[in-house]
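Asker: Encoded as structure tokens, here's the structure I'll be asking about.
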């Protein structure tokens, strides 16, 4: 891990007076969060001042990101492994920017579709479909809801928006091109950064392209990306719900993306443990060219998970990647 930590957080341009982590790998365990909360409570009871430091893992990431200069933020990719972490961080950064007066006063709630956290091969199991019973299923470019699951014959009944049903859908025969999405809503205001989460040739959307919100009105959101402008109406058009705030992205979504700086959330708490390993860490940590900042809920547990992974490689390969252009 020495290679990762040899590049200091001071490399990142920050606003005056902004909080910055001391080390490029920073641990925020549940016990540390509890101790900080206890210490803050004691200080308040005594009427003593308490240092202005992040109190939680999420807060550390949000303050790190929002404390960077606007130029550095545009070159920073926050990478998580869970949709839940990505969703929370995006929402918190939106709120922090709103509080700082960086966003317009008018805000709208936008319906979005998140790709479900499902590993390769799991779609062939009936149990996966039972777990994601509320998901929307995209098959042959048509959105369906799961209308029924038959354990007896292992078949699923799908129903589209027009009420057409297909009762012979067999999970074990699932090939590529079937995706499950979880409906959600996000709050958006002018000044927010957004990205398309799915390419759409028909509409000219490119996955992971980043846009700035220039106007919100009723159910429409106007996006600007350099010379181009797009007006989307996610509440009316299901295919326009493949959009998200662009501050944090999952490692799966980050594949192929590259930025000067990266902030990675790595860990072993709860569902993060299922995603911890060599491959996922490599994807997250190889997204940057100059500096990567890691926040983890369990430093030792995370490095152990990488070393114990079935995939070829060790923590050394992740933390000391081969040098290339812009890397050292």
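Asker: Of all residues in region 105-125, which are farther than 17 Å from residue 184 by Cβ and surrounded by fewer than 16 Cβ atoms within 10 Å (Cβ to Cβ)?
Answerer: Answer for region 105-125, where residues must be farther than 17 Å from residue 184 by Cβ and surrounded by fewer than 16 Cβ atoms within 10 Å (Cβ to Cβ): 105, 106, 119, 120, 121, 124, 125.
Asker: Among the residues of region 193-218, how many are part of a loop (DSSP other than H, G, I, E, B) and within 25 Å of residue 180 (Cα to Cα)?
Answerer: Going through region 193-218 one residue at a time, the tally reaches 11.
Asker: Also, I was wondering about something else. Are there strands (runs of 3 or more DSSP E) fully within region 219-269 with at least 1 residues that are assigned by the TED database to the domain that holds residue 305 and over 30 Å from residue 24 (Cβ atoms)? List them.
Answerer: Details: elements: 220-225, 228-232, 243-245, 248-250, 259-266.
Per the criteria, 220-225, 228-232, 243-245.
Asker: Just the residues that are buried (at least 16 other Cβ atoms within 10 Å of the Cβ) and out of contact with any helix residue (DSSP H, G or I) (no Cβ under 8 Å at 6 or more places or on another chain), please, taken from region 87-103.
Answerer: Applying the first criterion (buried (at least 16 other Cβ atoms within 10 Å of the Cβ)) to region 87-103 yields 87-94, 96-98, 103.
87, 90, 91, 94, 98, listed by residue number.
Asker: Would you point out the residue of region 189-213, among those that are surrounded by 15 or more Cβ atoms within 10 Å (Cβ to Cβ) and over 16 Å from the mean Cα position of the chain (by Cα), that is nearest to residue 149 (Cα to Cα)?
Answerer: The extreme case among them is 205.
Asker: Just wondering, is there one or more residues in region 157-165 that are closer than 30 Å to residue 99 by Cα and outside any loop (DSSP other than H, G, I, E, B)?
Answerer: Within region 157-165, not a single residue is closer than 30 Å to residue 99 by Cα and outside any loop (DSSP other than H, G, I, E, B).
Asker: If you don't mind, there's one more thing I want to ask. Taking residue 152 as meeting all but one of (1) within 23 Å of residue 252 (Cα to Cα); (2) surrounded by fewer than 16 Cβ atoms within 10 Å (Cβ to Cβ), write down the number of the exception.
Answerer: The single condition residue 152 does not satisfy is (1).
Asker: Just to confirm my filter: which helices (runs of 4 or more DSSP H) fall fully inside region 53-143 and include at least 2 residues that are under 13 Å from the mean Cα position of the chain (by Cα), over 30 Å from residue 43 (Cβ atoms) and in contact (Cβ under 8 Å) with a residue 24 or more places away in the chain?
Answerer: The qualifying helices (runs of 4 or more DSSP H) are 83-99.
Asker: Of everything in region 202-224, what is under 23 Å from residue 251 (Cα atoms) and out of contact with any helix residue (DSSP H, G or I) (no Cβ under 9 Å at 6 or more places or on another chain)? Give them in sequence order.
Answerer: Hits for region 202-224 are 206, 209, 211, 212.
Asker: Taking residue 137 as the residue in question, decide whether it is under 16 Å from residue 172 (Cβ atoms), in contact with a strand residue (DSSP E or B) (Cβ under 7 Å, 6 or more places away or on another chain) and surrounded by 14 or more Cβ atoms within 10 Å (Cβ to Cβ).
Answerer: Details: under 16 Å from residue 172 (Cβ atoms): yes; in contact with a strand residue (DSSP E or B) (Cβ under 7 Å, 6 or more places away or on another chain): yes; surrounded by 14 or more Cβ atoms within 10 Å (Cβ to Cβ): yes.
Here the answer is yes, as residue 137 does meet what is asked.
The values are calculated or read from the model by the stated rules, or taken from the named source; none is laboratory data. Everything quoted here is computed from the prediction, not taken from an experiment. Neighbour counts are summed over all protein chains in view; Cβ atoms, including those assigned to glycine, are modelled from backbone coordinates with ideal geometry.
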